[in-house]
Amino acid sequence: MHPSGTFRQLAGPALERFVAENAFGVIFAPGSSRLFAAHAPVLLNEGKLRFHLSRANPLCAAMSEHGSALVVITGLHGYISPDWYGAADQVPTWNYLSAEIEGPVRPTGRDETVALLDDLAAEFEAALEPKIPWTRAKMAPARFEALLSVITGFELRVDRFEGVKKLSQNKSADQMERAAAELALRPGPGASGLAALMREVIVSATE
């Protein structure tokens, strides 16, 4: 987590929306000999973060043993050249958005894990409209049960939820706009999206 309060984003509706829009996290927990990490889609609701992993993943045992986990969500990010600010004595940096979610974690039982799988499918299938949503009703029950037997669901109770919104807020509005304009010229939707977020910060600061 970036130490500067200039970039710190506290828990609230905006940070919850960020997690919903970037719902793929890296989950960390210490094992007996090293740190373990895994990637997984996540759902955040009412102070609880839910996800599942392959039962064979050593992170499952690490979380069960340690009893807690850290989940990091990363959004848009990109390199910022010091030349773009149009000012002397600047240095290269990286602008980005991220969130950290930490707390005690527990494995979920069968019914809770099935509910998680249904909720995950409903959440992400809804974004594909007008496609008819996929549901597990399209699967043979035996096939679903076979796949269910090789995963473990988890529920993390959120004790710490913080974010970083580092968009050159430590620069003047003019310098930010110059950097955003250059960034918008770079290829790829990530660069233009990051430039748009920088411009939103400029507008909100002048309102």
Selected residue [surrounded by 15 or more Cβ atoms within 10 Å (Cβ to Cβ) and not aromatic (Phe, Trp, Tyr)] from Glu102, Glu65, Glu46: Glu102
Residue in region 104-111 that is assigned to a strand (DSSP E or B), closer than 15 Å to Ala180 by Cβ, in contact with a strand residue (DSSP E or B) (Cβ under 9 Å, 6 or more places away or on another chain) and modelled with pLDDT of 95 or more present: no
Some residue of region 192-203 being at pLDDT 95 or above, of a type outside the set (Lys, Arg) and part of a loop (DSSP other than H, G, I, E, B): no
Qualifying residue in region 123-140 (condition: surrounded by 13 or more Cβ atoms within 10 Å (Cβ to Cβ), among the aliphatic types (A, V, I, L, M) and not in a loop (DSSP other than H, G, I, E, B)): no
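For (1) under 26 Å from Glu16 (Cα atoms); (2) surrounded by 13 or more Cβ atoms within 10 Å (Cβ to Cβ); (3) modelled with pLDDT under 95; (4) among the β-branched types (Val, Ile, Thr), each residue gets a yes or a no:
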site	(1), (2), (3), (4)
Ala142	no, no, no, no
Leu147	no, no, no, no
Phe154	yes, yes, no, no
Val158	yes, yes, no, yes
Arg178	no, yes, no, no
Leading residue by the ranking (nearest to Pro3 (Cα to Cα)) among those in region 156-207 that are acidic (Asp, Glu) and out of contact with any helix residue (DSSP H, G or I) (no Cβ under 7 Å at 6 or more places or on another chain): Glu162
Residue list for region 89-133, restricted to those being in contact with a Lys or Arg (Cβ under 7 Å, 6 or more places away or on another chain) and among the polar types (S, T, N, Q): Asn95
Qualifying residues in region 1-43 (those that are under 23 Å from Ile202 (Cα atoms) and of a type in the set (Lys, Arg)) - the one surrounded by the most Cβ atoms within 10 Å (Cβ to Cβ): Arg8
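The values are calculated or read from the model by the stated rules, or taken from the named source; none is laboratory data. This one's a predicted model, so the numbers in the text were calculated from it and none came from an experiment. Here Cβ is always computed from backbone atoms with ideal geometry, including for glycine, and neighbour counts include all displayed protein chains.
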